[in-house]
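Undergrad: Okay, handing you the structure first.
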Amino acid sequence: MPLIEALRMSRERNLDLMQVTEKATPPVCKIGDYGKYLYQQKKKEKLSKPSGGELKGIRLTFRISEHDLETRACQAEKFLKKGKKIRIEMKLRGRERALQEFAKGKIEKFLETLEKLVPIKIERGLQRKPRGLTVIVSKK
């Protein structure tokens, strides 16, 4: 169809003439709403991007109970199944810093509980930070 006729048809329908492909000879065009097309393209891009970031955080406390430890492990399992990495943090305050071996034991217990739920790989081992201890794990 000639270009002038295609433009006339698009104006009659109050729509835009959009070029579908540049490589074809003659160029392939379609009649449609360009604003709607741009909106759909942005929506597709938004869906394709990973949401929430790659690294999720789980905070443990020095006096965490056994049940709370299992609950946090279940939450971490959900994150791992979605393909995220997890930073496990334990903040140590005051005299808790003097009992770091006890804190390390709690984190190791958490990792064992998590290992029972889903196979994990330790990305970055247990590190001592100024405010506490951290470990980064991912799914095998």
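Rule-based calculations on the coordinates, nothing more; no lab input. Note that the structure is a prediction, hence the values are computed from the model and not measured. With ideal geometry, Cβ positions are generated from the backbone for all residues, glycine too; neighbour counts draw on all protein chains shown.
Undergrad: With the Cα gyration tensor of segment 1-45 giving a ≥ b ≥ c as the square roots of its eigenvalues, does the rule (a/c under 1.5 for rounded; else a/b larger than b/c for prolate; else oblate) give rounded, prolate or oblate?
TA: Because a/c hits 1.5 or more and a/b fails to exceed b/c, segment 1-45 counts as oblate.
Undergrad: Ranking Met1, Met18 by Cβ neighbours within 10 Å, fewest first, what do you get?
TA: Lowest to highest Cβ neighbour count: Met1, Met18.
Undergrad: Now for a different question. Put +1 on the Cβ of every Lys and Arg and -1 on every Asp and Glu Cβ in segment 3-48; which of Leu38, Met18, Leu3 then has its Cα farthest towards the positive end of the dipole?
TA: Checked the options; the winner is Leu38.
Undergrad: Given charges of +1 on the Cβ of Lys and Arg and -1 on the Cβ of Asp and Glu, with all other atoms neutral, how large is the dipole of the chain about its Cα centre, in debye to the nearest 20?
TA: Magnitude of the dipole: close to 540 debye.
Undergrad: Compare the peptides 116-125, 36-45 by average per-residue count of other Cβ atoms within 10 angstrom and give them in order, highest first.
TA: Answer by packing, highest mean first, reads 116-125, 36-45.
Undergrad: GNM, the chain, Cα, under 10 Å: largest mean-square fluctuation among Gly57, Gly35, Gly83?
TA: Gly35
Undergrad: I'm checking a number: the convex hull volume of the Cα atoms of segment 55-139, normalised per residue, in Å³. What is it?
TA: 76
Undergrad: Please compute the contact order of the chain in relative form: average sequence separation of alpha-carbon pairs under 8 Å and at least six residues apart, divided by the residue count, as a percent.
TA: 19
Undergrad: Run the helix sum for the chain: -39,500 (n - 2.57) per DSSP H stretch of 4+ residues, divided by residue count, reported at 222 nm to the nearest 500 deg cm²/dmol.
TA: The per-residue figure over the chain is -13500 deg cm²/dmol.
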